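Heads up: the structure comes next, in structure tokens.
The values are calculated or read from the model by the stated rules, or taken from the named source; none is laboratory data. Being a predicted model, the structure only gives us computed values, none of them experimental. Please note: Cβ atoms are built from the backbone with ideal geometry, for glycine as well, and neighbour counts cover all protein chains shown. We work out accessible area using only protein heavy atoms, side chains counted, and drop any ligands, DNA or RNA first. Shrake-Rupley method; radii C 1.70, N 1.55, O 1.52, S 1.80 Å.
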Amino acid sequence: MLKSGSSKKLPRTVRGFAATLLCLTIFSCSPKKTPIEPDGKIRAVATIAQIGDLAEEIAGERAQVSILIHGSLDPHSYELVKGDDEKLSEADLIFYNGLGLEHGASLSEWLRSSEKGIAIGDRVIQSRPEKLLRKEGAVDPHLWMDVALWAEAVEPMAEAFAKADPEGASYYSARAAILKQKMEEADREVRRTIHRIPADKRYLVTSHDAFQYFTRSYLAEEGEEGWRERFEAPEGLAPDGQLGTSDIRRIVNYLMSHGISILFPESNVSRDSIRKIASVGKQMGLHVRICEEPLYGDAMDGENLHYLDMMRHNAETIARYLEMDE
Ligand SMILES: [Zn+2]
């Protein structure tokens, strides 16, 4: 670095070069119009893969998207680990679900205090307030389990990218339109798959309450008032592994009253609850089976690296096993 006044001792050409360098330095340090990184891309961080996958589809070549909560980690209770703080601090955009999903203390505190955070779930509900579900008074954050509803997340994300990178506005909006179309097609496909099963057999038991939106949209008939009856789970809106005798009895009674015998574990939730229910059910003379393939609720992992693949997998697995359930 040149110290102030040192240019007096330098030859004219070097002084000229130093002045040019100083100008360039001042120019490059001045506030930028957009927060574009040295590699020419803006940086976005998404808390969960179901958001990150959409962000990647919209961002294309213009932005780099990374996901904070990897693989089978539980987004409900995720706490920041080494390196997360840096990742969040360096991001130009932070997409998170909100609606109480990311309630680990360190992460929720970070998101609350950051001006870069965009609560995608809140935005979706602002545009479709009538779609919000609750369970025992608590907001259900699992909006992504209804593909058509989750498609409402695309627009606010594309707008956020365009705001951060105005030159790319038309690029993002074109990619967003393609993505929305793909999601609308997938929504119809998931419903068609599930409706291979006759209505009187469309009942679902999974590990935790992640499938309410899925049930209303796909298991139920259109506009069915009693759709909630089609889904049960031993663990609540956030899986906590706490299972009482009354929870087990409730699920076993549910299986008996609907004449179903298949339990669907979720990829990122311990199978202990499901195993206990199967064991108690068997003691009561029920032929209870546990599906060999997990469903994907809160986490996308294994071969389900993309959101729409995850939803197709869930639909195919549920339909195939309910078809076999005599
Ligand atoms: Zn969940």
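For region 104-113, the count of residues that are assigned to a loop (DSSP other than H, G, I, E, B), at pLDDT below 95, surrounded by fewer than 20 Cβ atoms within 10 Å (Cβ to Cβ) and assigned by TED's automatic domain parsing to the domain that holds ASP53 is zero. Out of all the residues in region 37-60, which are open to solvent by 10 Å² or more (accessible area, probe 1.4 Å), of a type in the set (Gly, Ala, Ser) and under 14 Å from the mean Cα position of the chain (by Cα)? Once the filter is applied, which keeps residues that are open to solvent by 10 Å² or more (accessible area, probe 1.4 Å), of a type in the set (Gly, Ala, Ser) and under 14 Å from the mean Cα position of the chain (by Cα), region 37-60 yields only ALA49.
LYS163 falls short on exactly one of the conditions (1) out of contact with any Gly (no Cβ under 8 Å at 6 or more places or on another chain); (2) within 16 Å of the ligand (Cβ to nearest atom), and that condition is (2).
Can you say whether TYR254 is among the aromatic types (Phe, Trp, Tyr), in the same structural domain as ALA210 (by TED's automatic domain parsing) and under 25 Å from GLU184 (Cα atoms), as far as the supplied structure shows?
Values: among the aromatic types (Phe, Trp, Tyr): yes; in the same structural domain as ALA210 (by TED's automatic domain parsing): yes; under 25 Å from GLU184 (Cα atoms): no.
The answer is no for TYR254.
Scanning region 123-151 for residues that are open to solvent by less than 50 Å² (accessible area, probe 1.4 Å), out of contact with any Asp or Glu (no Cβ under 8 Å at 6 or more places or on another chain) and assigned to a helix (DSSP H, G or I) yields ILE125, LEU143, TRP144, MET145, LEU149, TRP150. Of all residues in region 213-224, those satisfying the criterion of being open to solvent by 10 Å² or more (accessible area, probe 1.4 Å) and at pLDDT 95 or above are ARG216, SER217, GLU221, GLU224. Checking the stated criteria, PHE231 turns out not to satisfy the condition of being within 15 Å of the ligand (Cβ to nearest atom) and in contact (Cβ under 8 Å) with a residue 60 or more places away in the chain. For region 155-178, the set of residues classified as surrounded by fewer than 24 Cβ atoms within 10 Å (Cβ to Cβ) and within 30 Å of ALA238 (Cβ to Cβ) consists of GLU155, PRO156, GLU159, ALA160, listed by residue number.
Restricting region 211-237 to residues that are farther than 15 Å from GLU130 by Cα and assigned to a helix (DSSP H, G or I) leaves a set whose member that is farthest from the chain's Cα centre (by Cα) is GLU229.
Consider region 134-152 and keep the residues that are in contact with a Phe, Trp or Tyr (Cβ under 8 Å, 6 or more places away or on another chain) and within 17 Å of GLU102 (Cα to Cα). The one that is nearest to the ligand (Cβ to nearest atom) is HIS142.
Filtering ARG196, ARG191, ARG175 for residues that are more than 16 Å from the ligand (Cβ to nearest atom), out of contact with any Ser or Thr (no Cβ under 6 Å at 6 or more places or on another chain), in a loop (DSSP other than H, G, I, E, B) and modelled with pLDDT of 95 or more leaves a single hit, ARG196. One residue stands out among those in region 234-284 that are touching a Gly at 6+ places or on another chain (Cβ under 9 Å) and small (Gly, Ala, Ser): the one that is nearest to the ligand (Cβ to nearest atom), which is ALA238.
Would you say GLY297 is more than 13 Å from the ligand (Cβ to nearest atom) and modelled with pLDDT of 90 or more? Before the answer, list the steps.
Numbers: more than 13 Å from the ligand (Cβ to nearest atom): no; modelled with pLDDT of 90 or more: yes.
Here the answer is no, as GLY297 does not meet what is asked.
The listed residues are LEU68, LEU93, and the only one of them that is out of contact with any Ser or Thr (no Cβ under 6 Å at 6 or more places or on another chain), surrounded by 17 or more Cβ atoms within 10 Å (Cβ to Cβ) and under 22 Å from TYR307 (Cβ atoms) turns out to be LEU93.
Flag: GLU136 does not match the condition of being over 28 Å from TYR172 (Cβ atoms) and in contact with a Ser or Thr (Cβ under 6 Å, 6 or more places away or on another chain).
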